[in-house]
Structures are given as C-alpha cells and as structure tokens.
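Novice: Once you've had a glance at the structure underneath, I'll fire off some questions.
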Amino acid sequence: MAPLPASPSSISTASPRSLLHSNSSEWNVVVQRNIKSSLLLLLVLSTVFVFSVVYSSQGFGTAATREANPLVPGEDLADEQPIVVADEVMWQQNRARLQPSPCHPQTRRLREHLNNQEIKVGTQVEEKCDMSMGKWVREPKGPVYTNQTCPTLPDFKNCQKYGKDPGHLFWRWQPDGCDLPRFAPARFLDVVRGKRLAFIGDSLARNQMESLLCLLSQAETPTDVYRDAFDKFRTWHFPAHNFTLMAMWTEFYAHAEPVIDADGKPTASFDIHLGRLNANWTSRLPGLDYAVLSGGNWFFRVNYLWEGGRRVGCVNCREANLTDFGIAYAVRRVVRAALEAVARCEDCNRRGLVAFMRTYTPDHFEHGSWFSGGYCNRTRPLEEGEVSSEHIGWELRRVQREEVERARETTTADGSGVRFGVLDVTKAMMLRADGHPGGHYDKRWVRNASDCLHWCLPGPVDMWNDVLQQRIVEIAPPPVVR
C-alpha cells in the first residue's frame, strides 16, 4: 500500500531537518495543490469584489443624479410616475399607492439602468399619451367646479348666470388609445408647490388662466396680488402652496403698434415688427418654472409686417405693390422668435424652465361676426364630419408644432436647460361650437355683440388644464417616500 500523503497539520509541525529527508515528490504534490487552491480562492474573491464595486457604483450614480436633477434635459425620470386619479377625493384616498414597487434594491437599480439606456436624448417634454386626437363623450358628473363655487369667475365668462343651456357642461375629452384624467386641484397644487407658472398670449391665454384659477380654488382660495393699469398683466398667489399664477398679455409676441388713420386715431390694424419682441413679456420670463405660450387669432386682422425698419409686406391687406405673406407665415415668424427668446433666457436655463405651446383654437361664428349678427347657438359638440379639413386652424397648428420641434432640436444642440412641450387642443376645440358665451353675458357692458371666440366657465376650456396637469405630472419628480 502506498503511504498516505502528509496532512497539512503534520507538515506544518515537522522540523526543517525532517523535511529535507522526506519524499520530495510527495511534498511537491502537496505544495502544488495548496498553491492552486489558494490562487483559485483568491481569484474568486477578487472577481466578486470588483463586480460588486462596479455594479453598486452604477446604481448609486444613477439614483443620485436623478434625485439631485429630476428635470435634467434629455433624461427620463424614475419609472414610478405619480398616479393621476379620477378626482381629488380618490387622490387623497390613494396616496399609499404612490409608494415605489417592493422590488429588491439590486433588481430596481438594474431595471433603472436598463431603462436609462433607451432614453432618447432631447430637450423635450416626453408625451406618455397623445391627447391631440380623440372625441367628446358624455360625462354625467359634470365639471369640477360650478359658476357658484368659483370665487374668481369673471362675469363675461359666467354663461350660466345669463341663461346659457347647461348641456355643454356634461362632456369630457376622450383621447384615442389612452385616458385623460379628470383635473384634481389638490394634486395639481401639490405638484407645483413653490413654482411659478405664466400664461403668455392674448385673451384666450387669459381665458385659460381664469379656468385654472377656478379649478384650483376648489382646493385653496387664491390671493389677488397684482394687476397693471390695463388689466393685461395679472398675478395670483396660493399661499399654502407658495404657488404663483400669472397672465402676461401679448397679441403677437413681437412688438406691435396700432396703425394710425388720417385723423390721428388708432385703427384695428397693427404694424408688427418681426425682428423685435415685446419686452413686456420677455422681461418677465426670468424666475418662471412653467410657461404656456399661445396665440394666433390677432393675425386675422389686416396687419402690416416690418423688418429692418421698413414695411416688407402684410397679412390680409390686398394692397397693390405690397406682398400678402399670409397668416401662417406671420405666425411662424413670431412663434419662432418667441421660442428662441425663451431658449436664450439665461435665468430660465438655470432654473430649468418648461415651456409649452398651446395650439391654435378657432372661433365658431355662424352667419356673421361680433357685431354683425354672428351667433353660436349649438347645444352639443359637432360631429367629425362637420369640421372642415381645409380650416386654416390645421395649418396654424402644424406651424406651431413644427416650431416647437425646431426649438427642441436647437436647445438639444446647444445644451440649453429649457424644455419644450405641446398642449395640442386644436381638434378638441374645433368640435366645441357649443362652448362659447354667444349672447349669454351682462349686456350692460357690451350691447348687440356675440362672443363666439372665448369660452364659458366652466366649459370646454377646462380641458386645456386637464392636458396641462397631465403634462406637468409626467415630468414632475416622483413623490418622496418617507
């Protein structure tokens, strides 16, 4: 029988002299086995250590960056988005649902890491749902507020007070392929806590601000902070949430002056200076967190276009020796200039401003206009076939969307901190010929007129803020888990 190899313990206790006389081949076998085992163990431990360091550092780095910079351009947010519930009460009852999924921490880090690899770089507001196309469906619950529960509702939009049929109140916009959640006032205020939001544009921008005021007043009564001498610039504040809401008036974004007639009186036409923006709104951009730009309706007048200190053309003028460039051209020029100004705003870049373009919405005058017998007495939304595919509103919508895309590409290239998004409400509002005041307003202020341009409150205009809420919630940081 061959002798058994010496055990490690016997080898370690043997004297040097006995080792010299031992069987050298057996000793070599033992030493080689021990060396190989040690090297293998060392290799395994090193591999495990290196892998754990690299892997944990990747997860920590991603989490830290997202927590510190939730609105970094080109980055998506954590995959657990805040849940927008059907109404305010359900939101309060379901706050517990906002907790992150109970996955193992390493599994979550890996999932976030893999999701990050698929992020499309670009300074834009990611749209989880295309809300631009859809239909109006019955909504038995009616609006979030009434003309009696909104303390800030202006008389000119209080259609129910002056006898309008309430049928236009019981509809909601249903996008194709997804849902548009009902506005939740407490939820919205929670998301915009400490922020500043401005509606920049004409009287329809003001209309949207008045709608948002009514909606939010169901959760907190706002304080009227400021109005200018002409009531064109307004500021409201919600002290419990430190949220500021503003309206900034501009008919064309560009600097414009009324055309003076032979008697020295201003006319309804304007000289629009394409190369010069109106400083009344651009000077107020710094400090904003959200801006909603809109417009287009003032371009349907006879207006004159100026560039380089001289008149270069017109819109709707039909004058000899003067080129009529058309409404879409003029809208494109001023929208492009406005978005470029927003992108160049240094303080806006540092603050991470999110700028939305609300698309064009048409009037619904039939058989006339404001003072010429026009009316809008529909009692339900239009059918799809009743909306013309040739309506200029589609072209203006396309221009606005194209200019937003151009602004996104520009800001992506230069690393701007401003993000751009779209509130596309054109189709939805083309169908709502039933939602205007018409003749349902206080005749002590204006006689023999019909308003088929602005929107009743409450009414279809509230849908604009449903869309705004959804877009803001999509980009808001996820709730902090305590």
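Novice: Restricting to region 249-269, give me the number of residues that are closer than 14 Å to Val331 by Cα and aromatic (Phe, Trp, Tyr).
Specialist: Looking only at that region, the number is 2.
Novice: Among (1) surrounded by fewer than 21 Cβ atoms within 10 Å (Cβ to Cβ); (2) charged (D, E, K, R); (3) touching a residue at least 40 places away in the same chain (Cβ under 8 Å), there is one condition Asp434 misses while meeting the rest; what is its number?
Specialist: Result: Asp434 passes all but (1).
Novice: If you check Gln148, Gln160, which single one turns out to be free of Cβ contacts under 8 Å to residues at least 40 places away in the same chain and more than 30 Å from Arg406 (Cβ to Cβ)?
Specialist: Gln148
Novice: Still on this structure, please answer the following. Which residue out of Phe199, Phe188, Phe230 is at negative phi and at pLDDT below 95?
Specialist: Just one listed residue meets the conditions, Phe230.
Novice: Scan region 163-182 for residues that are touching a residue at least 60 places away in the same chain (Cβ under 8 Å) and more than 26 Å from Ala355 (Cα to Cα) and jot them down. If you could, list the steps in order and put the result at the bottom.
Specialist: Initial filter on region 163-182 (touching a residue at least 60 places away in the same chain (Cβ under 8 Å)): 163-165, 167-169, 171-173, 180-182.
Result: Gly163, Lys164, Asp165, Gly167, His168, Leu169, Trp171.
Novice: Suppose we filter region 352-411 for residues that are touching a residue at least 40 places away in the same chain (Cβ under 8 Å), assigned to a loop (DSSP other than H, G, I, E, B) and closer than 18 Å to Ser132 by Cβ; how many remain?
Specialist: The number of residues fulfilling the criteria is 7.
Novice: Which of the residues that make up region 419-463 are part of a helix (DSSP H, G or I) and either among the small types (Gly, Ala, Ser) or in contact with a strand residue (DSSP E or B) (Cβ under 6 Å, 6 or more places away or on another chain) (or both)?
Specialist: Hits for region 419-463 are Ala428, Met463.
Novice: Here are some conditions: (1) closer than 30 Å to Arg301 by Cβ; (2) under 22 Å from the mean Cα position of the chain (by Cα). Phe243 meets all but one. Which one does it not meet?
Specialist: Single failed check for Phe243: (1).
Novice: Of all the residues that make up region 135-174, how many are surrounded by 15 or more Cβ atoms within 10 Å (Cβ to Cβ) and at positive phi?
Specialist: Count: 0.
Novice: Let me ask something else about it. Mind listing whichever residues of region 334-359 are at pLDDT 95 or above and either basic (Lys, Arg) or in contact with a Gly (Cβ under 6 Å, 6 or more places away or on another chain) (or both)?
Specialist: Selection gives Arg336, Phe356, Arg358.
Novice: Check Arg276, Arg318 and return the single one that is under 28 Å from the mean Cα position of the chain (by Cα) and farther than 30 Å from Asn465 by Cα. Spell out the reasoning first.
Specialist: Values: Arg318 fails: under 28 Å from the mean Cα position of the chain (by Cα).
Just a single option satisfies the conditions, and that option is Arg276.
The values are calculated or read from the model by the stated rules, or taken from the named source; none is laboratory data. These numbers come from a predicted model, not from an experiment. FYI the Cβ positions are ideal-geometry reconstructions off the backbone, even for glycines, and counts take in every protein chain you see.
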